[in-house]
Amino acid sequence: MGKNTKIAWAHHTFNPWYGCQRVGPGCDHCYAEAWAKRYKAVEWGSSTLRQLSSPANWKTPIAWNNAAGRKGTRYRVFCASLADVFDNEAPIKWRMNLFSLIAASAST
Ligand code: SF4
């Protein structure tokens, strides 16, 4: 288990942004939507604004990758536990920035 997650298979969780929308029956018990409603963190649904996480947060995957490199290991990162990477309401630029970050943090 990782430092900032209780998810057994992940060392870390990283949310590039928050928010999503229901797209089908698989979303009926969405953890992220329940979280958003509970903490009033972000409005859920179509045509609502997604919330980009902070610049400091966006730096954490590189720091984790560097730490993993020093240890000679690789970390498993759960990306977007409170959003969906392919949510079509998220700006394309955010997704492109995320893909660049993944590429930059995929080497050890
Ligand atoms: S985060 Fe996943 S399960 Fe939740 S509403 Fe979005 S697509 Fe559906």
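For Cα pairs less than 8 Å apart in space and 6+ apart in sequence, what is the mean separation divided by the residue count of the stretch 11-108, i.e. the relative contact order in percent? About 42 percent, as a whole number. Stretching the chain fully between LYS71 and ALA34 yields a gain of 9.7 nm (0.36 nm per residue, less the alpha carbon separation).
When only Cα pairs below 8 angstrom with a gap of at least 6 residues are kept, the stretch 1-49 shows a relative contact order of 27 percent.
Surface composition of the chain: carbon plus sulfur atoms contribute 57% of the solvent-accessible area (1.4 Å probe, protein chains only, all chains present). Would you kindly calculate the translational diffusion coefficient of the stretch 1-61, applying Stokes-Einstein with the Kirkwood radius from alpha carbon pairs, for 10 °C and a viscosity of 1.306 mPa s, and quote it in µm² s⁻¹ without decimals? Estimated diffusion coefficient is 122 µm²/s. Dipole of the chain computed with +1 at Lys/Arg Cβ and -1 at Asp/Glu Cβ about the Cα centre; of SER47, ALA10, ASN88, farthest Cα towards the positive end is ALA10.
Between TRP17 and SER53, the built amide H atoms are under 5 Å apart, and every one of these is 5 or more places off in sequence or on another chain.
Summing charges over neighbours of SER46, with a neighbour being any other residue whose Cβ is under 14 Å away from its Cβ, gives -3 when K and R count +1 and D and E count -1.
Sorting VAL77, VAL23 by accessible area puts them as VAL23, VAL77; the probe is 1.4 Å, largest comes first, and only protein heavy atoms count.
Starting from 0 in steps of 10 Å, tell me what percent of the Cα-Cα pairs of the chain lands in each bin. So the P(r) values, bin by bin, are 14, 43, 32, 10, 0. Over the residues of the chain, the helix contribution to mean residue ellipticity at 222 nm works out to -11500 deg cm²/dmol, using -39500 (n - 2.57) for each DSSP H run of at least 4.
Taking 0.36 nm per residue of sequence separation and removing the Cα-Cα distance, the GLN51/LYS6 pair yields an extension gain of 13.9 nm.
Provide the net charge surrounding ALA106, with neighbours chosen by a C-beta distance below 15 Å and charges set as Lys +1, Arg +1, Asp -1, Glu -1.
Details: positive: ARG74, ARG76; negative: none.
Spelling it out: positives minus negatives among the neighbours equals +2.
The values are calculated or read from the model by the stated rules, or taken from the named source; none is laboratory data. All figures in this text were calculated on a predicted structure; none of them were measured in a lab. Cβ sites come from the backbone with ideal geometry, for glycine too, and all protein chains shown count toward neighbours. Please note that ligands, DNA and RNA were not included when accessible areas were found on the heavy atoms of the full protein model with its side chains. Shrake-Rupley method; radii C 1.70, N 1.55, O 1.52, S 1.80 Å.
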